[in-house]
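**Q** The structure under discussion is supplied below as structure tokens; questions concerning it will follow.
The values are calculated or read from the model by the stated rules, or taken from the named source; none is laboratory data. Computed from a predicted model, the values in this text were never measured in an experiment. Glycine also receives a Cβ, built like all others from the backbone with ideal geometry; neighbour counts cover every protein chain displayed. Just so you know, the surface numbers come from the protein's heavy atoms only, side chains and all, with ligands and any DNA or RNA stripped out. Shrake-Rupley method; radii C 1.70, N 1.55, O 1.52, S 1.80 Å.
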Amino acid sequence: MKRQNIRKAMMVVAVLSLPVTMFYLSPLLTVQGAARGIVTSSLLFVGLAAAASFVLGRVFCGWLCPGGAVQELLFPANDRRLKGGRPDLIKYGLATLWLMAIAALFIRAGGLRVSPLFGIEGGVSLGSRTSYVMFFTAMGGMVALSLLAGRRPFCRYGCLLAPFMIAGKCTSRAVGSPRLRLAADGERCIHCMLCTKNCPMSIDVHAMVQGNAMESPECISCGACVDSCPKDVLSFAFSSGRKPSLPERRSSGEGQTMP
Ligand code: SF4
Ligand code: SF4
């Protein structure tokens, strides 16, 4: 559990640093910048997060995201598991609309200028009266949603950044590139369900193990399932996940019996 304690400590630091960092991740500031033809730090961050997810998946969500941390720190108040399925699609619709809006605004502005500190006075997010209003509105909404719905509802249904990181993960998987992923030795599973119970993203990890399908777009690589499994069924791996082809298996001697 040492890893989970480190993760929790990192989440506390992420929440405490919100007054400085919040606008560097703000989709609203991205829109305001696009209206003036300005590429903000928040837009640069979307590109950076998508590129990093090609190799690291959604590690940022599980370990560093202040919004995710706020929601997870509220688990003692409500840690009800969320339903997947159609509600998961909401975030893709929101991200598509957001992307179309900023593309249209950039076209209308007729220019493109990079200004990482646009809208962030002195490099600190909470630098003006307006910023306090935005801060308490965003945090209030996130806290209320978590208290009402349960585990990380904003991450699962409403985050605009998540679809870009999921796209990075899926692209990496499609091209067979090595990446951080979960692995499982299903034969050792004793069906205690602790992995599923402890997943902050409400993923049915046990079903993934049983189906030998260890990749979920919602997985944030937090390691809670790995660290709670009593039989060491789960682990992190850095691999493409590609099964070797028959000629590759033959050349490595797999399946051959000793004379
Ligand atoms: S599947 Fe495991 S690593 Fe992924 S989010 Fe759930 S607990 Fe974390
Ligand atoms: S925690 Fe481990 S042993 Fe228990 S159900 Fe999950 S994979 Fe199986």
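**Q** Taking N as the number of residues in the range 1-150, what is its Cα Rg relative to 2.2 N^0.38 Å?
**A** Expressed relative to 2.2 N^0.38 Å, the Cα Rg reads 1.12.
**Q** Which aspartates and glutamates, on any chain, are close to LYS2 with Cα under 16 Å apart, when same-chain ones fewer than 8 places away are left out?
**A** Of all the aspartates and glutamates, those that pass the test against LYS2 - Cα under 16 Å, at least 8 places apart if same chain - are ASP227, ASP232.
**Q** Something else: Report, to the nearest whole %, how much of the accessible area of the chain belongs to carbon and sulfur atoms, 1.4 Å probe, protein only.
**A** Summing carbon and sulfur atoms, their accessible area is 66 percent of the total for the chain.
**Q** Quick one: putting +1 on the C-beta of Lys and Arg, -1 on the C-beta of Asp and Glu, what dipole do you get for the range 177-242 around its Cα centre, in Debye to the nearest 20?
**A** 100
**Q** With all protein chains present, calculate the accessible area of ARG188 using a 1.4 Å probe and round the result to the nearest 10 Å².
**A** 120
**Q** Over all distinct Cα pairs, what is the inverse of the mean 1/r for the range 177-242, reported as the Kirkwood hydrodynamic radius in Å?
**A** 11.7
**Q** What shape does the range 7-59 have by the C-alpha gyration tensor, where a ≥ b ≥ c are the square roots of the eigenvalues, rounded means a/c under 1.5, and otherwise prolate means a/b greater than b/c and oblate the rest?
**A** In terms of gyration-tensor shape, oblate.
**Q** Could I ask something else about it? So what's the chain giving for Cα Rg divided by 2.2 N^0.38 Å, two decimals?
**A** For the chain, the normalised Cα radius of gyration comes out at 1.14.
**Q** Then there's this: Check the cysteines of the chain one by one and keep only those with no other cysteine Cβ under 4.7 Å from their own.
**A** CYS61, CYS65, CYS155, CYS159, CYS170, CYS189, CYS192, CYS199, CYS219, CYS222, CYS229 - these cysteines have no disulfide-compatible partner (Cβ-Cβ under 4.7 Å) in the chain.
**Q** Take ALA237 and VAL114, extend 7 Å from each Cα along the Cα→Cβ direction, and tell me the distance between the two endpoints in nm.
**A** 3.7
**Q** Taking a cut-off of 25 Å between Cα atoms, list the lysines near LYS91, but don't count ones fewer than 8 places away on the same chain.
**A** LYS83, LYS169, LYS197
**Q** Another question, then. Work out how much length ALA101 to LEU28 would gain on full extension: take 0.36 nm times their residue separation and subtract the Cα-Cα distance, in nm to one decimal.
**A** Working it through step by step, the gained length comes to 25.2 nm.
**Q** Report the extension gain between ALA174 and ALA207 in nm, rounded to one decimal, defined as 0.36 nm multiplied by the number of residues separating them, less their alpha carbon distance.
**A** 9.6 nm
**Q** Here is a further query. Just want the answer: with Cβ charges of +1 for Lys and Arg and -1 for Asp and Glu, which residue in GLY123, THR137, GLY37 is farthest toward the dipole's positive end in the range 2-169?
**A** Going by the Cα projections, it comes out as THR137.
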